[in-house]
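A.B. asks: Dropping the structure in here first, questions after.
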Amino acid sequence: MAEVRTKVLEAVQVADNVVRLDLAVPEGTSWKTGEFARVALPGASESEWRCYSIATPTGSPTIGLFIARVKGGAVSPKLCSLKKGDELMLDTEMMGMLLESRLEEGGKDLWLFATGTGVASFVAVASDPAITEKYENIVLVHGVRTWNETQYVGHYIVKSSKLQVMACVTREKGALINQRIPDALSCGLIEKTADIKLDPSTSRVMICGNPAMVKSVRSALKERGFVTPRGGRPGQMLVENFWM
Ligand SMILES: Cc1cc2nc3c(=O)[nH]c(=O)nc-3n(C[C@H](O)[C@H](O)[C@H](O)COP(=O)(O)OP(=O)(O)OC[C@H]3O[C@@H](n4cnc5c(N)ncnc54)[C@H](O)[C@@H]3O)c2cc1C
């Protein structure tokens, strides 16, 4: 573990409850697309460090984070109040499960399922040409409560003709999908909307966000033959929970 001081280069409110921070990359620091970083306010105790997925691909000029302001949370409201020029502590040893290299080779469709700021890693994954060039289609399914929470994805993600971004908006009408991700998946609406089948022989999947969504989607896909990597063997599905 190497804890260093870094600076907030940009702090932007991107949704009612989400702030985007762009941090300076300390010299010698690198990360893989899909990894997360541990950060803390200067002077914080060990229990006040928190993990945030890096929303910028490897080699980017900033470490981009999307931070949800958790009501009553000990740390996130303070991080959401940071301003340009403020200092933040960063653990330069990045890690994470959502590494495309862990997926079995040979997939043609990359599916990314996220709720809320769980979309952060996938903004990086879908913006990394070294990953996107391997796939014919990339489908990002983003579960949110309100439209307001969907807008920043389109602003930060690198758009391409391969990419479909599908919002599942649960508390406001008017979306193509107005259901929770697990429900829209089980009734076939997600595949119908994408016009692509989820099949372990052709699809590769990453899932990130709230544990209920992660658990439901993971078990629905397991029933259809998707497995997570185990014992050095690559699988077709990767998962990361924001909390237990
Ligand atoms: C690998 C990993 C990556 C993460 N990446 C991100 C990220 O990119 N963006 C992000 O906003 N958070 C992310 N988190 C969650 C983050 O680490 C903190 O848990 C979150 O910011 C709450 O911290 P807090 O101190 O405010 O809340 P605490 O006082 O620690 O309370 C934690 C509780 O807040 C709730 N909670 C945690 N995260 C969220 C959330 N995102 N939305 C709603 N409720 C939540 C849960 O009920 C949890 O039990 C990630 C967590 C992990 C483990």
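The values are calculated or read from the model by the stated rules, or taken from the named source; none is laboratory data. The structure presented is a predicted model; accordingly, all values stated were derived computationally and were not measured. Glycine also receives a Cβ, built like all others from the backbone with ideal geometry; neighbour counts cover every protein chain displayed. The area values use the complete protein model at the heavy-atom level, side chains included, leaving out ligands, DNA and RNA. Shrake-Rupley method; radii C 1.70, N 1.55, O 1.52, S 1.80 Å.
A.B. asks: How many residues does segment 218-235 contain that are open to solvent by 20 Å² or more (accessible area, probe 1.4 Å) and outside any helix (DSSP H, G or I)?
C.D. replies: So the count comes out to 10.
A.B. asks: While we're here: Working only within segment 107-144, note down all residues that are closer than 17 Å to CYS208 by Cα, without any contact (Cβ under 8 Å) to a residue 40 or more places away in the chain and part of a loop (DSSP other than H, G, I, E, B). Working first, answer last.
C.D. replies: Our first condition is that a residue be closer than 17 Å to CYS208 by Cα; within segment 107-144, this holds for 110-127, 138-144.
If we keep only those that are without any contact (Cβ under 8 Å) to a residue 40 or more places away in the chain as well, we get 126, 138, 140, 142, 144.
Once the filter is applied, which keeps residues that are closer than 17 Å to CYS208 by Cα, without any contact (Cβ under 8 Å) to a residue 40 or more places away in the chain and part of a loop (DSSP other than H, G, I, E, B), segment 107-144 yields only ALA126.
A.B. asks: Where in segment 14-106 are there strands (runs of 3 or more DSSP E), lying wholly inside it, with at least 3 residues that are in contact with a helix residue (DSSP H, G or I) (Cβ under 8 Å, 6 or more places away or on another chain)?
C.D. replies: Values: elements: 18-24, 36-40, 50-53, 62-68, 87-95.
Filter on segment 14-106 gives 18-24, 36-40, 50-53, 62-68.
A.B. asks: Then there is this: Just checking, does segment 199-210 include any residue being closer than 17 Å to ILE131 by Cβ and part of a helix (DSSP H, G or I)? Spell out the reasoning first.
C.D. replies: Of segment 199-210, the ones closer than 17 Å to ILE131 by Cβ are 202-208.
Still in the list and also part of a helix (DSSP H, G or I): none.
No - not one qualifying residue is present in segment 199-210.
A.B. asks: Filter segment 21-41 for residues that are within 11 Å of the ligand (Cβ to nearest atom) and open to solvent by less than 20 Å² (accessible area, probe 1.4 Å); which is farthest from ASP128 (Cα to Cα)?
C.D. replies: Among those that are within 11 Å of the ligand (Cβ to nearest atom) and open to solvent by less than 20 Å² (accessible area, probe 1.4 Å), it is ALA40.
A.B. asks: Here's something else I'd like to know. LYS192 versus (1) in a helix (DSSP H, G or I); (2) within 16 Å of the ligand (Cβ to nearest atom): which is the lone unmet condition?
C.D. replies: Of (1) in a helix (DSSP H, G or I); (2) within 16 Å of the ligand (Cβ to nearest atom), only one is false for LYS192: (2).
A.B. asks: Output the number of residues of segment 72-108 satisfying the condition of being in contact with a Lys or Arg (Cβ under 7 Å, 6 or more places away or on another chain) and either modelled with pLDDT under 95 or near the ligand (Cβ under 8 Å from one of its atoms) (or both).
C.D. replies: 3
A.B. asks: Kindly indicate which of LYS215, LYS197 is modelled with pLDDT of 95 or more, under 13 Å from PHE113 (Cα atoms) and open to solvent by 80 Å² or more (accessible area, probe 1.4 Å). Steps first, answer last, please.
C.D. replies: Numbers: LYS197 fails: under 13 Å from PHE113 (Cα atoms).
When all the criteria are applied, what remains is LYS215.
A.B. asks: I'm told GLU240 meets every condition in (1) surrounded by 14 or more Cβ atoms within 10 Å (Cβ to Cβ); (2) touching a Ser or Thr at 6+ places or on another chain (Cβ under 8 Å); (3) modelled with pLDDT under 95 except one. Can you identify the failing condition by its number?
C.D. replies: Unmet for GLU240, out of (1) surrounded by 14 or more Cβ atoms within 10 Å (Cβ to Cβ); (2) touching a Ser or Thr at 6+ places or on another chain (Cβ under 8 Å); (3) modelled with pLDDT under 95: (3).
A.B. asks: Could you check segment 154-189 and list, in sequence order, the residues that are among the aliphatic types (A, V, I, L, M) and part of a helix (DSSP H, G or I)?
C.D. replies: From segment 154-189, those among the aliphatic types (A, V, I, L, M) are 157-158, 163, 165-167, 169, 175-177, 181, 184-185, 189; that's our starting set.
The answer is ILE181, ALA184, LEU185, LEU189.
A.B. asks: Continuing with this model, one more query. Here are some conditions: (1) touching a Lys or Arg at 6+ places or on another chain (Cβ under 7 Å); (2) within 16 Å of the ligand (Cβ to nearest atom). ASN241 meets all but one. Which one does it not meet?
C.D. replies: (1)
A.B. asks: Answer yes if at least one residue in segment 175-187 is under 19 Å from TYR135 (Cβ atoms) and either open to solvent by 20 Å² or more (accessible area, probe 1.4 Å) or of a type in the set (Phe, Trp, Tyr) (or both), and no otherwise.
C.D. replies: No: segment 175-187 contains no residue that is under 19 Å from TYR135 (Cβ atoms) and either open to solvent by 20 Å² or more (accessible area, probe 1.4 Å) or of a type in the set (Phe, Trp, Tyr) (or both).
A.B. asks: Among the residues of segment 42-71, write down those that are open to solvent by 40 Å² or more (accessible area, probe 1.4 Å) and more than 7 Å from the ligand (Cβ to nearest atom). Walk me through it before giving the result.
C.D. replies: Here is the first cut: in segment 42-71, the residues open to solvent by 40 Å² or more (accessible area, probe 1.4 Å) are 42-43, 45-48, 50-51, 58-59, 61, 69-71.
PRO42, GLY43, SER45, GLU46, SER47, GLU48, THR58, GLY59, PRO61, ARG69, LYS71 - these are the residues of segment 42-71 that are open to solvent by 40 Å² or more (accessible area, probe 1.4 Å) and more than 7 Å from the ligand (Cβ to nearest atom).
A.B. asks: In segment 204-211, is there at least one residue being touching a residue at least 12 places away in the same chain (Cβ under 8 Å) and on the phi > 0 side of the Ramachandran plot? If you could, list the steps in order and put the result at the bottom.
C.D. replies: First, pick out the residues of segment 204-211 that are touching a residue at least 12 places away in the same chain (Cβ under 8 Å): 204-211.
After this cut, where a residue has to be on the phi > 0 side of the Ramachandran plot as well, the list is 209.
Scanning segment 204-211 turns up at least one residue that is touching a residue at least 12 places away in the same chain (Cβ under 8 Å) and on the phi > 0 side of the Ramachandran plot.
A.B. asks: So which residues in segment 144-171 are more than 16 Å from ALA68 (Cβ to Cβ) and surrounded by fewer than 13 Cβ atoms within 10 Å (Cβ to Cβ)?
C.D. replies: GLY154, HIS155, LYS159, SER160, SER161
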